[in-house]
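The values are calculated or read from the model by the stated rules, or taken from the named source; none is laboratory data. Because the structure is predicted, anything quoted here is derived from the model rather than measured. Cβ sites come from the backbone with ideal geometry, for glycine too, and all protein chains shown count toward neighbours.
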Amino acid sequence: MSTSVGYQPPAVAVAGALPKRPVQSSVLIVPVVSGDDGNGATVVGNPYLDAEATGEIEVALRALGAKGGNEQLTRVVVPALPVSSVLAVGLGKSRDEWSAETIRRAAGAAARSLSGVENVFTTLSDLDLEAAIEGLLLGAYRFTEFRSAKTAPTDAGIRKVTALTPDTRSATKDAAARAEAIAVAVATARDFVNTPPSHLFPAEFAERAKTLGEQAGLEVKILDEKALARDGYGGIIGVGKGSSRPPRLVRLAHRGGGRKGKKVALVGKGITFDTGGISIKPAANMHHMTSDMGGAAAVIATVVLAARQKLPIDVVAYVPMAENMPSSTAQRPGDVLTQYGGITVEVLNTDAEGRLVLADAIVRACEDNPDYLIETSTLTGAQTVALGSRTPGVMGSDEFRDRVAEISQEVGENAWAMPLPEELKDDLKSTVADLANVSGSRFAGMLVAGTYLREFVADGVEWAHIDIAAPAYNSGGPWGYTPKGGTGVPTRTMFAVLEDIAANG
Ligand code: BES
Ligand code: MN
Ligand code: ZN
């Protein structure tokens, strides 16, 4: 099967001024604020526009009743400018209320609203260049691979983004390149999530990860079902055995640290489709389970990004991939399996499959003696009950968990620290095996899953588990720079944590 090209983000440039000559099919995105009375629609960050052009934009905005409220979009035509139109995007009242995330979301909302526009210029970059570019590229994302000519968009999408800035020197270019690299990685994760389970099954997913990894200079190894059975990966085999499409474990290694640098392990849940197995899920919304490899998608995108950005640390990713299906070869509720490393588990519910494949991968990852381990997974519906659709839950070693949560909030993915209360371990007692894979209680489902995983993390490894059950996949309407479908969360969190470890240990 062919390896798809996926989404191609727009090219990025920085410039000190708008072009002199008119540019075909173009838009200038300008930020506006509403001022203290909330009625302003005043253009900000505009050393590139003369007073006349600014005045024309503001007159037009007022005539249209634009208020500059957060992410409010207003399109106006300004004949004096070399662009086809101007798109004003609101940033709220005033500068005091902006964060990088405000700029990112405004840029994303603006980019999403554009169709039939090839060239985007923006002065949002005058406020925060990196956030503006990141938001534009994330918002410009589209997934069209499975559309025939009948419904495919008739335009090519945004082809080029030019960020206006008074400073076009190399530091600025580096910031632009970094934003672009991050947006490409997020798009990779989104593409994987959006690729339907008919086309993305374990063997195919593993091959795509390999192609991508090798192109980025990673060392890639795939264990197939025979190797997995031979080496004792009972969790991955148990979950995968109900499907005619056998499981895989992919290892992707970035060697950037030499002997002294820190070593980080990444683990991501790669269930290419989760029917629940014999403990089958209800039909309503079962199709959302196409996103059950969102953790794997983000982990692959992150390790590839680490290699492309040449991070001076070692990053080794382990990605277990399986399809959870009911069949006569599927595991049964009540079966006992042996996780990699020897812990036995009574599988009381075959729908709690994520922790089974992850436990194997975590034990294997710890054999490499990492300093840190970040694992992420669409693990529990309970994440959504506790934190809603946009807030990942992060559990693990207290200090590292808090560091991951804090960094996640800085990048706008907003993971929130959650505890792993000691007493929950009792809920995972089994009458026949070392552990049961589910608790008998309805309470704290997200934390129980984290408690299960904790049993498999080697002593001395600082670890964090990020539950992205809902945040990986937007089943509601698009917002900010987040489209419907795959979101790419938590790629930006994990990459920022890797950068932080590379800088501070
Ligand atoms: N993949 C699901 C979790 C999930 C639910 C992700 C909703 C995204 C949206 C996971 O494998 C699962 O089925 N978890 C069970 C665990 C339960 C059986 C203890 C759940 O949350 O219901
Ligand atoms: Mn499940
Ligand atoms: Zn699942």
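Could we say that GLY213 is under 27 Å from MET494 (Cα atoms), assigned to a helix (DSSP H, G or I) and either within 16 Å of ligand 1 (Cβ to nearest atom) or modelled with pLDDT under 95 (or both) here? First the steps, then the outcome.
Working: under 27 Å from MET494 (Cα atoms): yes; assigned to a helix (DSSP H, G or I): yes; either within 16 Å of ligand 1 (Cβ to nearest atom) or modelled with pLDDT under 95 (or both): no.
No: the conditions fail for GLY213.
So which of ALA433, ALA449 is away from ligand 3 (no atom under 16 Å from the Cβ) and either touching a residue at least 24 places away in the same chain (Cβ under 8 Å) or assigned to a helix (DSSP H, G or I) (or both)? Give the steps one after another, and end with the answer.
On the way: ALA449 fails: away from ligand 3 (no atom under 16 Å from the Cβ).
The conditions single out ALA433.
Looking at (1) in a loop (DSSP other than H, G, I, E, B); (2) in contact with a Ser or Thr (Cβ under 8 Å, 6 or more places away or on another chain), can you tell me which one MET494 breaks?
(1)
For region 27-139, which strands (runs of 3 or more DSSP E) that fit wholly inside it have 3 or more residues that are modelled with pLDDT under 95, surrounded by fewer than 23 Cβ atoms within 10 Å (Cβ to Cβ) and small (Gly, Ala, Ser)? Lay out the reasoning, then the answer.
Numbers: elements: 73-76, 85-90, 119-122.
Ranges flagged: none.
Kindly indicate the residue of region 454-490 that is hydroxyl-bearing (Ser, Thr, Tyr) and in a strand (DSSP E or B) and also farthest from MET289 (Cα to Cα) among those meeting that condition.
Pass one, region 454-490, residues hydroxyl-bearing (Ser, Thr, Tyr): 473, 475, 481-482, 487.
Imposing the further condition that a residue be in a strand (DSSP E or B) reduces the set to 473, 482.
Working: TYR473: 9, THR482: 19 Å.
Checking each candidate, the answer is THR482.
Name the single residue that is surrounded by the fewest Cβ atoms within 10 Å (Cβ to Cβ) among those in region 437-490 being touching a strand residue (DSSP E or B) at 6+ places or on another chain (Cβ under 8 Å) and aromatic (Phe, Trp, Tyr).
If we take residues in region 437-490 being touching a strand residue (DSSP E or B) at 6+ places or on another chain (Cβ under 8 Å) and aromatic (Phe, Trp, Tyr), then TYR473 is surrounded by the fewest Cβ atoms within 10 Å (Cβ to Cβ).
Please determine whether any residue of region 362-375 is part of a strand (DSSP E or B), in contact with a Phe, Trp or Tyr (Cβ under 6 Å, 6 or more places away or on another chain) and more than 10 Å from ligand 3 (Cβ to nearest atom). Write out each step before concluding.
Start the filter on region 362-375 by keeping residues that are part of a strand (DSSP E or B), which leaves 372-375.
From what's left, in contact with a Phe, Trp or Tyr (Cβ under 6 Å, 6 or more places away or on another chain): 373.
Of the ones still in play, those that are also more than 10 Å from ligand 3 (Cβ to nearest atom) are 373.
So far as region 362-375 goes, yes, one or more of its residues are part of a strand (DSSP E or B), in contact with a Phe, Trp or Tyr (Cβ under 6 Å, 6 or more places away or on another chain) and more than 10 Å from ligand 3 (Cβ to nearest atom).
Quick one: count up the residues across region 332-342 that are outside any strand (DSSP E or B), surrounded by fewer than 18 Cβ atoms within 10 Å (Cβ to Cβ), of a type outside the set (Gly, Ala, Ser) and away from ligand 1 (no atom under 14 Å from the Cβ).
1
The rows are residues; the columns are (1) within 16 Å of ligand 2 (Cβ to nearest atom); (2) under 15 Å from the mean Cα position of the chain (by Cα); (3) within 18 Å of LEU266 (Cα to Cα).
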{"site": "PRO421", "(1), (2), (3)": "no, no, no"}
{"site": "THR431", "(1), (2), (3)": "no, no, no"}
{"site": "GLY450", "(1), (2), (3)": "yes, no, yes"}
{"site": "ILE468", "(1), (2), (3)": "yes, yes, yes"}
{"site": "GLY480", "(1), (2), (3)": "no, yes, no"}
{"site": "GLY485", "(1), (2), (3)": "no, yes, no"}
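Which pairs have Cβ atoms under 6 Å, sit 6 or more apart or on different chains, and link a residue in region 254-274 that is closer than 30 Å to GLY242 by Cα to one that is away from ligand 3 (no atom under 16 Å from the Cβ) and of a type in the set (Ser, Thr, Tyr)?
From residues that are closer than 30 Å to GLY242 by Cα, the pairs are VAL267/TYR318.
Any residue at all in region 221-241 that's over 12 Å from ILE300 (Cβ atoms) and within 22 Å of the chain's Cα centre (by Cα)? If you could, list the steps in order and put the result at the bottom.
Going through region 221-241, the residues over 12 Å from ILE300 (Cβ atoms) turn out to be 221-241.
Going one step further and asking which of them are within 22 Å of the chain's Cα centre (by Cα), we end up with none.
Scanning region 221-241, I find no residue that is over 12 Å from ILE300 (Cβ atoms) and within 22 Å of the chain's Cα centre (by Cα), so the answer is no.
If a residue has to be crowded, with 21+ Cβ neighbours inside 10 Å and not in a helix (DSSP H, G or I) to count, how many in region 224-236 make the cut? Don't jump to the end; show me each part of the working.
Of region 224-236, the ones crowded, with 21+ Cβ neighbours inside 10 Å are 228, 233-236.
Filter once more, keeping what is not in a helix (DSSP H, G or I): 233.
Going through region 224-236 one residue at a time, the tally reaches 1.
Is there a residue in region 158-173 that is crowded, with 18+ Cβ neighbours inside 10 Å, assigned to a loop (DSSP other than H, G, I, E, B) and either at pLDDT 95 or above or among the small types (Gly, Ala, Ser) (or both)?
Yes: one or more hits.
Residue check: is PRO197 in the same structural domain as GLN339 (by TED's automatic domain parsing), within 16 Å of ligand 3 (Cβ to nearest atom) and not in a helix (DSSP H, G or I)?
On the way: in the same structural domain as GLN339 (by TED's automatic domain parsing): yes; within 16 Å of ligand 3 (Cβ to nearest atom): yes; not in a helix (DSSP H, G or I): yes.
Yes.
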